[in-house]
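Read through the structure below, which is laid out as structure tokens, and then see the notes.
None of the figures in this text is laboratory data; all of them are computed from the coordinates on show. Quick caveat, the model's predicted, so the values are computed rather than measured. Cβ sites come from the backbone with ideal geometry, for glycine too, and all protein chains shown count toward neighbours.
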Amino acid sequence: MKYLRTIPITALLGTALTGMFLFAAIFAPWIAPYGMSEVVGDMWEPSSAQFLLGTDNLGRDLLSRMIYGAQTTILIASLATLLAFTMGSVLGILAAVLGGWMDQVMSRGVDILMSIPTLIFALVVLSVMPSTMLVLILVMGILDSTRVYRISRAVAVDVNVQDFVEVARLRGEGNSWIVFREILPNALSPLVAELGLRFIFAVLFLSSLSFLGLGVQPPEADWGSMVRENRQGIVFGVPAALIPAGAIALLAISVNLVADWILRRTTDLKGGRGG
Amino acid sequence: MNLLVLKLIAQRIALGILLLFLVSILIFAGTQILPGDVAQSILGQGATDQALANLRREMGLDDPAVTRYFNWLGGILQGDMGTALSNNRDIASSLWGRAQNTLFLAFWTALVAVPLAIILGLVAVRYQNRWPDRAISGTTLTAISLPEFFVGYVLMYFFAVKLGWFPSVSTVYDGMPFADRMMAIALPAATLTLIILAHMMRMTRAAILNVMQSAYVETAELKGLGGLKIIWRHAFPNSVAPVVNVVMLNLAFLVVGVVVIEVIFVYPGLGQYLIDHVAKRDVPVVQAVGLIFAAVYIGLNMVADIVSILANPRLRHPK
Amino acid sequence: MADPLLEIRNLKIEVTIRPPGEKPHDITIVKGIDLDLARGKVLGLIGESGAGKSTIGLSPAGYGRGGVRITGGEVKVNGRDILQLSKGALRNVRGREVCYVAQSAAAAFNPAHRLMDQVIESTLFHGLASRSEAVARAVKLFRKLGLPDPENFGQRYPHQVSGGQLQRAMTAMALCPEPDLIIFDEPTTALDVTTQIEVLAAIKDAIQDTGVGALYITHDLAVVAQVSDEIMVLRNGELVEYGETRQIIEDPQEEYTKALVSVRSINHQAKAPEEAPILSVRNITAAYNKSADPVLKDISVELSPGQTLAVVGESGSGKSTLARVITGLLPPKVGQIDFAGRTLPRALKQRTKDDLRELQMIYQMADVAMNPRHTVGTIIGRPLEFYFGLKGKAKRERVNELLDKIEMGEGFIDRYPAELSGGQKQRVCIARALAAKPKLIICDEVTSALDPLVADGILKLLLKLQEIENVAYLFITHDLATVKAIADSIAVMYQGELVRYGPREQVLSPPFDDYTDLLLASVPQMRVGWLEEALANRRMASQGN
């Protein structure tokens, strides 16, 4: 209870909202009032008791589509983040511990990948590959793993030169003890905070691709593609496109609030250790 | 200017060129080695085998990849970017007008965003931990979470549709009067500014704060120097490199942001051009535009590093 | 007091701390201090870290570092209360009446400007002299402070001169506007001893010649005894003892002061070397990479079981590199290492588990030598498990035994390093080394990061454990006082070479080689007048040559 009170209100709010989005994504078929592609009214009907958020450009219930869209957005973004993280952090820590030519080869490769803006590189790849879910997850995951690689390698190099790791080496410990017992526990909190940021990035990135028409393809829909479908309405004064766009922003902000809190807690701990 | 500095700068430029070369290989390989057949995508699923074979020969697709790469690179170095598959037009000439439009948008955005961000960053430092600073930190957190199209459509909805102050679609054409052109880019430039502003402010704040907390600024305070004198003589010379770095990083960010913004406002720039041709699977155009974006990105990062080298007193005055 | 320069009355200083997971709160770090300083006199403020000495020292400049606030009392400089001044008036005091010399001149000089511009900056800013006059003053000061090529010294940038020279340049910067009071904040702490004595002498001369008053802040009583007229001993923000320098050094009244004065006076009987050495280092030459110049040149030393070999030298002497070579972290280019009757493989990876177990190491910074995410129980228990396969209850019992040996209770077993004091952390590191039942422990500057009294406790513990466990120590240090306290034999290193080596009494008795002579003569002694004698001896020696 005492611990709970030390959590800032913003972090609690972020956790609650993130939880709400997750809930909607997981239980979509049970809570959505209508089917995903069911045409139930006229195009761009305003919000009413029947359609809480109004209808979209084809007369489908926007709330229902938003709930199903949450599923697609969060699923693809999570899987891409997971891929980016597993690949990036394992390779990054390995590069730091092994050093030498392995480190050189991997780090220079990542440098080259990172010298192309992520979106541009994804567009180049998507010009020859079909935008299937698998391709999207692979492209986003691999491109994003370069960022995770950089940060985990940096954190691990930082920890690796500490005297306590030298103590373990002098004791004769193997690489697995050094990675899992000495380095990982000290690298974990910055990496967890990074996980949040990478997830936000994946959500925004996927949404941008879908908005550009190169991400999730119909009949599947995520929030980004819903912005695309309804964007013509803006010019006629119909704000339907702003709803999915706002949802993306809200999800990203909520996760950011949580990540920011974790990050600040970590630096506090570090500060306390110095004394 | 001494030899050491010249050598470092030459090294950095050589590295930039090497990177660009490697990136061109990557872009080329990315579009060639991955599954997917250009000839098939042009002619569609119904094409006969004979037609496909003819087209492949015509486009040189039967040559080995290395030959095709060097032909492509050699062409680009001479200003020949090939012809678009979708409409058979010369890519370089279509690019030029669009690149000018994109540069126009980026230039005016940078002209507003950079000074604004630096001034607000300084304000945050001046009122550190008080409300202006907190407000700036708070907005940054929000701003990095907002998708470009959210900001873009909100601005369009209110300022173009509801209030009617600006056009909602940023049409520009040759010979358009300057004032009209500025009106047309007002909303896209504002959106871009909002997107990079928060980032740039926060990074400027961090860079300057880092300098303001150094021991030599304390020394200056203990000499009794006034606030402005301290900032001008002691903080500024040491903040130039980090702040330029921040600006360059954000301009690089802007280059990418431009793609989405141009689509939102239907602005006829490079980004719009790229997206259209990705959808049409027009590989030569995607390669050419992708390489241009990457070159700008690499170039900006290179400028940032060169400024850091030039600003470092240890390098300018070696032992 | 005839002409009071500085009067401090009932000074109270607070700081806001923000512990993680708790509400920020204020703590008082200076609890009602009074002091007086007459024009041209020097007052030494001495205490351990956290005593509040720097905070008090900066109060005459009206300056609080890192959120430190003066919350009560008076600080009068030349009769005016600094705390009542407006910001503008305060700026007129700083750099004109009160100047400051920081511990790290390397950080305190702006890297972007030439030294001269920075040295004369406050003089010009306050309109105290024209540019040419100020430059002339600065050149005179450079000469007085013994800086090389005083005419052109100011044309250099901070990174182009050495640490000792920067420290003197900073003193020149403080003296240039001819202030009434200079605050010296640990000005020689970061320097090697042989440099420290020169800077100390330069500062003392400059103070005497210019008649400036000074507050001299340090943790080293022997240093402050050389330069100050009076000494104030502080602890936890409170006054312990305040008096004439001679009285504090020769006749301290308080227990705490007595302990500070008698620090490093451990009486250890040196043992004679035995026949079979446990460690013999033969003709070691080592470099950090293939093409680089060697950092160790043909080093040979021996160490008998249960004895202590002190390796002493200043920064860059190669003493820590020797430790890395012995542990196998840096395989030598030439030479071999015999340990416990066998020749050790050169590289760490080729060594057996027993090679590693019998040769343990303790580090300077205990904080970073322990994994902050492991408990004391894990830290000490891991070698027991790794080398002896101890598990569960047996392991826990043995850990508690070891905790007992280092004079810490069982209650510590589940604590994390962050919850321990500096001295306790170092004790846990000692226990971890002992857990492996080693024959040799390499101690790398193990007391340098600790306050003198805590360091004393660690040295005494190490000596006691040596008696019980019959373990040999290779003790690496820059501090000759520590060496005298615990060594059986001594190796003096200078720029990668062994300049003097032998049993303690022999190394410390004449005739000396030049470097050892300089080193021994540079270690401040806890008595008034040592600095003058040391300088006089040095001058005689150079005339003799």
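Listed values, structure above:
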{"quantity": "Dipole magnitude of chain B about its Cα centre (Cβ charges: Lys, Arg +1; Asp, Glu -1), debye to nearest 20", "calculated": "1460 debye"}
{"quantity": "Dipole magnitude of chain C about its Cα centre (Cβ charges: Lys, Arg +1; Asp, Glu -1), debye to nearest 20", "calculated": "1860 debye"}
{"quantity": "Selected from B:Met156, B:Met176, B:Met200 as most flexible by GNM, with chain B as the system and alpha-carbon contacts under 10 Å", "calculated": "B:Met176"}
{"quantity": "Mean Kyte hydropathy of 0.0 or more with a Cα span along the axis of at least 30 Å, helices from DSSP in chain A", "calculated": "A:62-98, A:133-160, A:184-211, A:242-274"}
{"quantity": "Compactness index (Cα Rg / 2.2 N^0.38 Å), chain C", "calculated": "1.06"}
{"quantity": "With Cα atoms, 0 to 90° folded angle of helix B:131-143 axis to chain B main axis", "calculated": "10 degrees"}
{"quantity": "For the stretch A:48-113, the fraction of alpha-carbon pairs in successive 5 Å shells from zero, as %", "calculated": "4, 14, 14, 13, 9, 8, 7, 7, 7, 7, 6, 4, 1, 0"}
{"quantity": "Amide H within-cut-off set for C:Val30, under 5 Å, with H built and near neighbours excluded", "calculated": "C:Ile13"}
{"quantity": "Value of [θ]222 nm, deg cm²/dmol, for chain C, DSSP H segments ≥ 4, -39500 (n - 2.57) each, nearest 500", "calculated": "-11000 deg cm²/dmol"}
{"quantity": "Choice from B:Leu19, B:Leu300, B:Leu197 with maximal GNM fluctuation in chain B (Cα, 10 Å cutoff)", "calculated": "B:Leu19"}
{"quantity": "Cleavage-rule hits (trypsin sites (Lys or Arg not before Pro)) in the stretch C:18-90: DSSP loop, at most 15 neighbouring Cβ within 10 angstrom", "calculated": "C:Arg65"}
{"quantity": "Per residue, the convex hull volume that the Cα atoms of the protein assembly as shown enclose (Å³)", "calculated": "227 Å³"}
{"quantity": "Nearby lysines by direct alpha-carbon distance to C:Lys144 (threshold 26 angstrom, same-chain neighbours under 8 apart not counted)", "calculated": "B:Lys223, B:Lys319, C:Lys41, C:Lys204"}
{"quantity": "Rounded to the nearest 20 debye, dipole of chain A from Cβ charges on Lys, Arg, Asp, Glu", "calculated": "720 debye"}
{"quantity": "Residue of A:Glu229, A:Glu220, A:Glu173 that the Gaussian network model of chain A assigns the largest fluctuation, springs spanning Cα pairs under 10 Å", "calculated": "A:Glu173"}
{"quantity": "Rounded Å value of the spacing that divides the Cα centres of the stretch A:30-87 and the stretch A:188-211", "calculated": "20 Å"}
{"quantity": "Per DSSP, loop trypsin sites (Lys or Arg not before Pro) in the stretch B:117-172 with at most 10 further Cβ within 10 Å", "calculated": "B:Arg130"}
{"quantity": "Three-way shape label, the stretch A:75-269, alpha-carbon gyration tensor, a/c 1.5", "calculated": "prolate"}
{"quantity": "Proximal aspartates and glutamates relative to C:Lys484, as straight alpha-carbon distance under 12 Å, when same-chain residues fewer than 8 apart are discounted", "calculated": "C:Glu505"}
{"quantity": "Value of relative contact order over the stretch C:418-545, rounded to a whole percent, pairs C-alpha under 8 Å and six or more apart", "calculated": "16 percent"}
{"quantity": "Whole-number percent relative contact order across chain B, with pairs defined as alpha carbons under 8 Å at least 6 apart", "calculated": "28 percent"}
{"quantity": "Contact order normalised by residue count of chain C, Cα under 8 Å, 6+ apart, percent", "calculated": "15 percent"}
{"quantity": "Share, in percent, of DSSP beta bridges within the protein assembly as shown that are antiparallel, nearest 5", "calculated": "55 percent"}
{"quantity": "Between helix B:236-264 and chain B: long-axis angle, C-alpha atoms, 0 to 90°, nearest 10", "calculated": "30 degrees"}
{"quantity": "Kyte-Doolittle at least 0.5, axis length at least 24 Å by Cα - qualifying DSSP helices, chain C", "calculated": "C:452-469"}
{"quantity": "Bins of 20 Å from zero: percent of alpha-carbon pairs in chain B", "calculated": "25, 48, 23, 3, 0"}
{"quantity": "Residue among A:Ser37, A:Val192, A:Gly246 farthest towards the positive dipole end of the protein assembly as shown, charges placed on Cβ", "calculated": "A:Ser37"}
{"quantity": "Counting DSSP beta bridges with both ends in chain C, the antiparallel % (nearest 5)", "calculated": "55 percent"}
